[in-house]
Amino acid sequence: MIQHFIVIGNPIAHSKSPEIHSLFAAQTGVEINYQRQYCPDDAASFTAVIEAFFKGGGVGANVTVPFKQVAYECCVARGGLSEHAKVAGAVNTLLLNKALLKNGIPIAEAIYGDNTDGQGLVNHMTSLGWPLKDARVAIIGAGGAARGVILPFIEAGIAELTLANRTVSKAKDLVSELSAASEIIAQQQIKTCTTEELEGEFDIIINATSIGLSGATLPLSDQLDGHYAYDMMYGRNLPFLQHFAARGAQVSDGYGMLIGQAALSFERWTGHAIDVAVITDAL
Ligand code: NDP
C-alpha cells in the first residue's frame with residue numbers, strides 16, 4: 001500500500017526532500033508518495049493543513065522554514081514531543097502518536113513531533129570519520145540550527161563546547177535556555193563569545209549561521225584553527241570552508257546533514273534504516 005508524506009514550508013518549490021525520499025523508497029522497497037506542500041505563513045493555516053493531511057490518511061510530514069517553531073507549538077498542545085524536539089524548541093518531523101490513537105483520541109489530538117536535524121549532522125560527521133568523542137567543538141551561530149545540534153553533540157560525547165555569535169547576548173540566552181531545559185546540557189558548561197573573539201585550536205568548527213545567504217564572510221580571528229570545519233549550508237564556494245581548507249583542515253558542507261536528517265525521518269515513519277552513503281553517492 002502506498003504511504004503518503006509531505007514536506008510543508010513557505011517557500012517550498014526548491015525543496016529537495018521529494019527526490020531524497022524517493023531514493024530512500026527505492027532502497028527499502030517501501031511504496032511512497034511524497035509531495036511538496038505550500039502553506040500560507042500563519043499558524044492557523046499550518047495547523048489546518050496538517051490536520052487535513054493526517055485525517056486524510058497521511059503517514060508523516062517534514063517541516064521546514066518558517067514552520068519549525070509553529071509545529072513545535074502544535075505538538076505541545078497535541079500528541080507530544082521527542083526529547084530532541086523539546087530541547088530544540090523546533091520540530092522537523094511529524095507523525096501520529098499511535099499510542100494516543102489506540103486510546104480512541106481523535107487524530108487531530110495525536111500529532112507527535114521529533115527533530116532529526118542535529119542527529120542528522122552527528123551521523124554525517126560520524127560517517128565522514130570525524131571523531132566526536134572527547135572533541136573540542138566550536139559552533140558559530142545561535143539560531144535555530146545551532147539550537148538543534150547542541151544536545152545531539154553532547155550525547156555524542158564531546159569534551160568541550162564554545163558557542164560564538166555575532167550577537168553574543170543571543171548565544172548566552174540560548175545556553176541559559178538549553179541548560180534549563182536539559183540536565184546534560186547544564187553539566188556541559190558551554191562557553192560563549194563573539195565570533196571575532198573565538199580563538200585557539202578546536203577539533204571541529206561549525207558554521208551554523210545564515211551568513212552564506214548574503215555572500216558576506218564571517219570575521220574570523222587569525223588565531224582560530226580547526227582540524228575539521230563544517231558549514232551547515234551546502235553548495236560550492238563556501239568562504240568558511242575555503243578559509244579552513246587553506247589552513248589544512250578537512251572540510252564538509254551541509255548536504256550530508258540534509259540527507260541524514262531525512263533518513264532519520266524516513267526511519268521514524270517506516271521503520272526502515274537507510275544506507276546514507278549509497279544515497280549520498282547517488283545524489
Ligand atoms: P537563524 O535565522 O535561526 O539564525 C541565523 C544565525 O546566523 C544567527 O546566529 C545570526 O546571528 C547569524 N547571522 C546571520 N547573518 C549574519 C551575518 N551577516 N554575520 C554574522 N552572523 C550572521 O537561521 P538557522 O539557524 O535556522 O539556519 C542557519 C543556517 O543553517 C542556514 O544557512 C541554514 O540553511 C542552515 N541549515 C542547514 C541544514 C541542513 O540540513 N544542512 C538544516 C538547518 C539549517 P545573530 O544572532 O547575531 O543575528
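At-a-glance table
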| item | result |
| --- | --- |
| Neighbourhood net charge (14 Å Cβ-Cβ; Lys/Arg +1, Asp/Glu -1) for D173 | +3 |
| Packing-based ranking, highest mean first, of 62-69, 41-48, 153-160 given that Cβ atoms within 10 Å are counted | 62-69, 153-160, 41-48 |
| Amide H partners (placed H, <5 Å) of C39, local residues excluded | G9 |
| Helix-only mean residue ellipticity at 222 nm for the chain, each DSSP H run of n ≥ 4 adding -39500 (n - 2.57), per residue, nearest 500 | -12000 deg cm²/dmol |
| Relative contact order [Cα under 8 Å, 6+ residues apart], the chain, whole percent | 16 percent |
| Phi to ³J(HN,Hα) by Karplus 6.51 cos²θ - 1.76 cosθ + 1.60 over the range 126-137, Hz, x for Gly, Pro | 4, 5, 7, x, 7, x, 8, 4, 6, 6, 8, 10 |
| Those aspartates and glutamates that a straight Cα-Cα span of less than 18 Å connects to K172, excepting residues fewer than 8 apart in one chain | E160, E183, E196, E197, E199 |
| Degrees, to the nearest 10: 144-155 long Cα axis against longest axis of the chain | 80 degrees |
| Environment charge at F240 (Cβ cut-off 12 Å; Lys +1, Arg +1, Asp -1, Glu -1) | -1 |
| Residues whose placed amide H lies under 5 Å from that of L81, excluding near-sequence neighbours | G113 |
| Förster radius 30 Å - calculated FRET efficiency between K172 and E109, Cβ distance, rounded to 0.05 | 0.20 |
| 3J(HN,Hα) from dihedral phi, the range 176-188, Karplus parametrisation 6.51/-1.76/1.60, rounded to Hz, x for glycine, proline | 4, 5, 5, 5, 6, 7, 9, 4, 6, 6, 4, 6, 6 |
| Sequence-distant lysines (8 or more away, or on other chains) whose Cα lies within less than 27 Å of K16 | K55, K68, K86 |
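Coordinate-derived values only; no laboratory data. As the structure is a prediction and not an experimental result, all values here were calculated from the model. Glycine also receives a Cβ, built like all others from the backbone with ideal geometry; neighbour counts cover every protein chain displayed.
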